[in-house]
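Accompanying notes for the structure given below.
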Amino acid sequence: MITESDSSAFECHLCEDASAKEIFSFARLKQVTSDCRPWKDGGRLGVCDLCGTVQKNAGAAWQTGAEEIYQEYKIYHQAGGVEQAAFDPASGAPSERSRIILEKAVRHLSLAKTGRLLDIGCGNGSLLRTFGAHYPDWALSGTERNQQLSSEVAAIPGVEAVHGIEASEISGIFDMISMVHVLEHIAHPVGFLKTLGKNLSPSGRLLIQVPIFTANPFDLTIADHCSHFTKTAISHLLSKSGFKVLRCEKDWVPKELTVIAAPEQAPATKAGPNPRAFDKAGDAVHWLETFADSIRTATAKGPVAIFGSSIAATWLFGELGGNVSFFVDEDENRIGYTHLDRPIRSPGDVPKNISLALALAPSVANSVADRLAGAGMTLLT
C-alpha cells in the first residue's frame, strides 16, 4: 500500500485552487500510447484532494508528449484499421464496441426519427457508421484532429462534415454529441465541456464513454490519458460543467463507464473529500508493479508469449524489454497480423511448452484463464 508520505503535489486540472497528491512509484512504470505503442517511463500520477480524480500532471511536459504521440497516431493498426472488438467476459464472444454502446444507449435516449449528431474524436468513423445504419435520416458530423482518414469518414452515408478543427470552433446545434474514449485525453475538461454544451440543444443528450481504472489498472499507464475516472469522479466533472447525469453504467462494455447526460441549469454539486481515491490509485499502481515483476521472473525460465495485442499487452511488452515471442488474440480481425514486429496468433496456434502471460484486467483474466484451461499452456496471471 502506498501512503501519502510517499507523495508530493501538483495542480489539479479539474478544480481551481486544488492540488493532486502525486504517487511517486508510478514514475517507475513504463507507459504506453493509446494507439498501442510502447512509451517512456517517468510519468506523473496524482489524486486531487478535493474532487478525488486520479490524473496525470497535465502541464507543459505532458502536453508536449501528447502532441508527439498524436503526430504518429495510427488507429487500430493491429487489425488493419478494423475497430477493436469488445468481448463478453464469460463466453469470449466478440462484438463491435460502437454497436454495443448504441444498442444499450438508444433504449434510454428516445431519439426522434431525424436529428443531428456530432461525434467528437470520430477516428475512422466507427460510431458514425453504426449510428447512421440505424438512423439513416439523421445528419452526421465528426471532428478528428488527424485528418488522414477524413475521406473515409466523409464517405459514410449521412455524414455532412468532418472537421479538423477544435471542438470549441464548431458551429451549429446538435441533438446528440458523442465522445467515445475522448474525455480522458482532455486537459482542463471543465472548460471543454462547458464550451461543447453551447452546441447541444436544450433537449439534447451527451453520450460519453471512458475507461474505469478501478476495473482496469492498465488505463493508468496510457501516457496521453490525463484523467482516470470512477463513477464519482465523472459525475462530479459533468455536474461542475453544467450537465446532469441520467445514466452512468459500468457493465454495458467491460472495463468502461458509459454516461448519458443532459444540460443542467441547477447549480453544480460541490465535490466532497474522497479519502479512498488515493488508496485505490495506489493499490492499482502497486498491482501493476507486482504483475510486471511476476512475469519478468517467468521469462527467466523460458519463452513467454502475451495474451492480447492492445494496451495491456503493449505495456507488458515494454516492461519486459521486448523479451516476448509472440502475441495471442481471440479477435479474428487481428490474427495473422503483427504487433511490435511479433506475430499475432490464435489461442489454438500456441505451442504447449509456452508460458502465456494474461495481460488482462483482473475482472477479465479469470474468465479467460477458464476458457484456455486444458490447452497445455502455462498461464501466467
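The values are calculated or read from the model by the stated rules, or taken from the named source; none is laboratory data. Predicted, not measured: the structure shown is a model, and the values here were computed from it. Methodologically, a virtual Cβ is constructed for each residue, glycine included, from the backbone with ideal geometry; neighbour enumeration extends over all protein chains shown. What goes into the accessible areas is simple: the full protein's heavy atoms, side chains included, and nothing from ligands, DNA or RNA. Shrake-Rupley method; radii C 1.70, N 1.55, O 1.52, S 1.80 Å.
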GLN265 fails exactly one of (1) over 26 Å from CYS15 (Cβ atoms); (2) part of a loop (DSSP other than H, G, I, E, B), namely (1)
Given the conditions (1) at pLDDT 75 or above; (2) crowded, with 20+ Cβ neighbours inside 10 Å; (3) assigned to a helix (DSSP H, G or I), report the number of the one that GLU68 does not fulfil. (2)
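Scanning the range 334-350 for residues that are of a type in the set (A, V, I, L, M, F, W, C) and open to solvent by less than 50 Å² (accessible area, probe 1.4 Å), which turns out nearest to TRP315 (Cα to Cα)?
The residue in question is LEU340.
Let's see how each residue does on (1) at pLDDT 95 or above; (2) touching a helix residue (DSSP H, G or I) at 6+ places or on another chain (Cβ under 6 Å); (3) buried (at least 20 other Cβ atoms within 10 Å of the Cβ):
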residue	(1), (2), (3)
ASN216	no, no, yes
ASP224	yes, yes, yes
THR230	no, no, yes
LYS244	yes, no, no
Restricting attention to the range 234-257, which residues are in a helix (DSSP H, G or I) and within 15 Å of the chain's Cα centre (by Cα)? ILE234
Output the number of the condition that PHE174 fails; it satisfies all remaining conditions of (1) in contact with a Lys or Arg (Cβ under 6 Å, 6 or more places away or on another chain); (2) farther than 18 Å from GLN63 by Cβ; (3) in contact (Cβ under 8 Å) with a residue 60 or more places away in the chain. (3)
Output the qualifying pairs, or none if there are none: Cβ atoms under 6 angstrom, residues six or more apart or on different chains, first residue in the range 296-312 and in a loop (DSSP other than H, G, I, E, B), second residue of a type in the set (D, E, K, R) and open to solvent by less than 20 Å² (accessible area, probe 1.4 Å). SER309/ASP329; SER309/ARG334
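Please specify each residue of the range 110-167 satisfying the condition of being of a type in the set (Asp, Glu) and open to solvent by less than 50 Å² (accessible area, probe 1.4 Å). Talk me through it step by step, then tell me what you get.
Initial filter on the range 110-167 (of a type in the set (Asp, Glu)): 119, 137, 144, 152, 160, 166.
Passing the criteria: ASP119, GLU144.
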Apart from one, (1) open to solvent by less than 50 Å² (accessible area, probe 1.4 Å); (2) under 24 Å from the mean Cα position of the chain (by Cα); (3) without any contact (Cβ under 8 Å) to a residue 24 or more places away in the chain all hold for THR290; the odd one out is (1)
The correct count of residues that are over 24 Å from ILE186 (Cα atoms) and modelled with pLDDT under 90 in the range 110-151 is 2
All but one of (1) outside any loop (DSSP other than H, G, I, E, B); (2) in contact with a Gly (Cβ under 9 Å, 6 or more places away or on another chain); (3) among the small types (Gly, Ala, Ser); (4) touching a residue at least 24 places away in the same chain (Cβ under 8 Å) hold for GLY52, so report the exception by its number. (1)
Scanning the range 351-370 for residues that are in contact with a helix residue (DSSP H, G or I) (Cβ under 9 Å, 6 or more places away or on another chain) and open to solvent by 20 Å² or more (accessible area, probe 1.4 Å), the one nearest to VAL324 (Cα to Cα) turns out to be SER355
ARG205 meets each of (1) at pLDDT below 95; (2) charged (D, E, K, R); (3) within 21 Å of GLU249 (Cα to Cα) with one exception, condition (1)
Entirely in the range 108-226, the helices (runs of 4 or more DSSP H) that have 3 or more residues that are more than 30 Å from GLY43 (Cα to Cα): 126-134, 150-154
Within the range 165-188, is there a residue that is out of contact with any helix residue (DSSP H, G or I) (no Cβ under 9 Å at 6 or more places or on another chain), closer than 27 Å to ALA66 by Cβ and small (Gly, Ala, Ser)? yes
